[in-house]
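The values are calculated or read from the model by the stated rules, or taken from the named source; none is laboratory data. Computed from a predicted structure; not experimentally measured. Note that each Cβ is placed from the backbone with ideal geometry, even for glycine, and that neighbours are counted across all protein chains shown.
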Amino acid sequence: MKKTVRNLLIMLVVLAVVGGAAALLVYSGPSGGGEDSGVSSAVSQEEKKTVELDMDNISAIMVENKEGGFTLLPDPSAAQTGSSSQAEEPEPAFTVEGLESYDLDTSSIASAVDSLANMTVYRDLGAQEDLEKYGLAEGQAVAVTVKHKSGGETRFLVGDASSSGGTAGQYILQNGSVCIVRPLSEKFKGPALDLVSREVYAIDSEFAQGTDGEGNDTQTALPDTLYDAKLSGKAFPEPIQLEYVETQRLNGHMVTAPVLAESGTNAFDALVASLKSLTANKVEAVGVTEQMLAEYGLAEPDARVEFHLNGGQAALRASAKDSEGYRYLTMDGKDVVYRVTNAQISAWAEASLMDLRMGTVCLANIADVRKLSLTQEGDMAYAFTVTPSETTNLADSTVTNGQGEEIDYENYQAFYKQLIGLSVFSMDKPAYGGVPTLRVEYAYEEGKGADAVEFYPVDGQDRYAAVLNGQFNGLVRGADVNRLLALLPDLNGNEEIQA
């Protein structure tokens, strides 16, 4: 290639690069699409102006809005520690005037105040005649007045949000000029009650202390234990009582009223989980009076629960559901009315006794039973003694009847499954009495007591009233009990029992 041709090509390339750069500079300038357009460009091209607020010099932040507003006051007893340096002075904390005695949402309050402290102006639009389009007209805007300890005040109006130019912002009006600033907290638009904590309560988990293989201390979270609970109110004409009982059964949780039955069902687990903590959807009122309780449907609540869970306890009452599925709720010892969704508390407010109890009469663990005694019509008795083997295999256990004759474990196990499988279909308590048709006693290893179940015939009906340890448990079908009675002689004679 000739030298002159090569130089010409190099010059053309240079001209192309320079021309492209010039074009880029021309087209990257601010657009003229509107009064508040080009916010991103304004931020990058102009030095940001800030509404100066000295947090240490604030004596009050007064907010007026459609919801009535509120006043924030410095709270010297609750200073917050600065996050950028351990050497920083604590940041001033604020409380809500008139609500100082209540648990406040300190995080939201701190965030709201912080949004004022960092109110950077993105763009100054100057004086505007039509304030309504910015949400700054009378009746639209939120008025914020910051009073200073040194005297004087800073006042501005807060309007609508702005997202022009791709940068989130908010319109304010200060000293006659409309500005776009960094978005302020939404709490400035709400009532004072929005600054009250929505947490109704929270119960801590319990832990087991231990040591690992290297000698280090360990903590293991324990399952939540509901020691007792009582459900009452209009939704429970017969209050339901739940208790934790140390027993040899598969589950130590018992329904003790209005029937005696084992619990530990999925519905019970859901109830325990729902009682662990509760955060409301909204704070409705504080300073509760008897009149207010009546207005919110809480004087005679639809549902009430009193319970002891892990190391904590609480008592709650809830109104009936409204048309939108919400309930009002109070907690004993807290002067607050909350609003919650029905789903948050339905596990206890709409609990069903049939769902909370086991569907069986007595689910005694076959591995724990050492003697099974059955008495028919009060005088014909059968007894089966179980001697565990030295192995862990239950099938190796030795079973003998009352005459000392050995019974095949498979036959004993098949009968036992049918016995504990008797299901309850109703808890309507009938009239019953006299001598039970069948009495069953489960005796556990020495020192661990026994459980007894009795089956009483119901006059004129093919059903039996099942009674657990002297208390009504429910109704079972007559055919199920009669089938067991027919199998008793076969088991005693070691005849094959079909599983």
Residue, surrounded by the most Cβ atoms within 10 Å (Cβ to Cβ), within the range 335-371, restricted to residues that are over 30 Å from Glu284 (Cα atoms) and charged (D, E, K, R): Arg357
Of all residues making up the range 438-456, the number that are surrounded by 16 or more Cβ atoms within 10 Å (Cβ to Cβ) and out of contact with any Asp or Glu (no Cβ under 6 Å at 6 or more places or on another chain): 9
Among (1) in contact (Cβ under 8 Å) with a residue 12 or more places away in the chain; (2) within 27 Å of Asn281 (Cα to Cα); (3) touching a helix residue (DSSP H, G or I) at 6+ places or on another chain (Cβ under 9 Å) - the single one Glu186 does not satisfy: (1)
Test: Leu271 is buried (at least 16 other Cβ atoms within 10 Å of the Cβ), touching a residue at least 12 places away in the same chain (Cβ under 8 Å) and assigned to a helix (DSSP H, G or I): yes
Residues satisfying the stated conditions in the range 123-169, i.e. part of a strand (DSSP E or B), in contact (Cβ under 8 Å) with a residue 60 or more places away in the chain and under 41 Å from the mean Cα position of the chain (by Cα): Val142, Ala143, Val144, Thr145, Val146, Lys147, Phe156, Ser162, Gly169
Verdict on Thr218 being without any contact (Cβ under 8 Å) to a residue 24 or more places away in the chain and either in a strand (DSSP E or B) or touching a strand residue (DSSP E or B) at 6+ places or on another chain (Cβ under 8 Å) (or both): yes
Pair list, Cβ < 6 Å and 6+ apart or interchain, from the range 46-59 residues that are modelled with pLDDT of 60 or more to residues that are surrounded by 13 or more Cβ atoms within 10 Å (Cβ to Cβ) and of a type in the set (Gly, Ala, Ser): Leu53/Ala117; Met55/Ala117
Single match in Val424, Val435 (criterion: crowded, with 16+ Cβ neighbours inside 10 Å and touching a Gly at 6+ places or on another chain (Cβ under 6 Å)): Val424
Whichever residue in the range 487-499 is of a type in the set (A, V, I, L, M, F, W, C) and either in contact with a Pro (Cβ under 7 Å, 6 or more places away or on another chain) or modelled with pLDDT of 95 or more (or both) and, among such residues, is surrounded by the most Cβ atoms within 10 Å (Cβ to Cβ): Leu491
Filter pass, Glu284 being assigned to a strand (DSSP E or B) and touching a helix residue (DSSP H, G or I) at 6+ places or on another chain (Cβ under 8 Å): yes
Any chance Ala364 is touching a residue at least 60 places away in the same chain (Cβ under 8 Å), in a loop (DSSP other than H, G, I, E, B) and either more than 30 Å from Thr400 (Cβ to Cβ) or under 20 Å from the mean Cα position of the chain (by Cα) (or both): no
Residue, surrounded by the most Cβ atoms within 10 Å (Cβ to Cβ), within the range 457-474, restricted to residues that are in contact with a Pro (Cβ under 9 Å, 6 or more places away or on another chain) and over 15 Å from Cys362 (Cβ atoms): Arg463
Failed condition for Gln248, given (1) modelled with pLDDT of 95 or more; (2) not in a helix (DSSP H, G or I): (1)
Every residue from the range 319-333 that is assigned to a strand (DSSP E or B) and either basic (Lys, Arg) or loosely packed, with under 12 Cβ neighbours inside 10 Å (or both): Arg327
Test: residue in the range 232-255 that is closer than 20 Å to Leu298 by Cα and β-branched (Val, Ile, Thr): yes
3 or more residues closer than 30 Å to Phe472 by Cβ: qualifying strands (runs of 3 or more DSSP E) within the range 379-460: 380-387, 438-444, 450-457
Residue match in the range 244-261 (condition: free of Cβ contacts under 8 Å to residues at least 12 places away in the same chain and farther than 26 Å from Lys448 by Cα): no
Boolean, Ala110 is surrounded by fewer than 21 Cβ atoms within 10 Å (Cβ to Cβ), on the phi < 0 side of the Ramachandran plot, touching a residue at least 60 places away in the same chain (Cβ under 8 Å) and hydrophobic (A, V, I, L, M, F, W, C): no
Leading residue by the ranking (surrounded by the most Cβ atoms within 10 Å (Cβ to Cβ)) among those in the range 192-224 that are among the small types (Gly, Ala, Ser) and under 30 Å from Asn281 (Cα atoms): Ala192
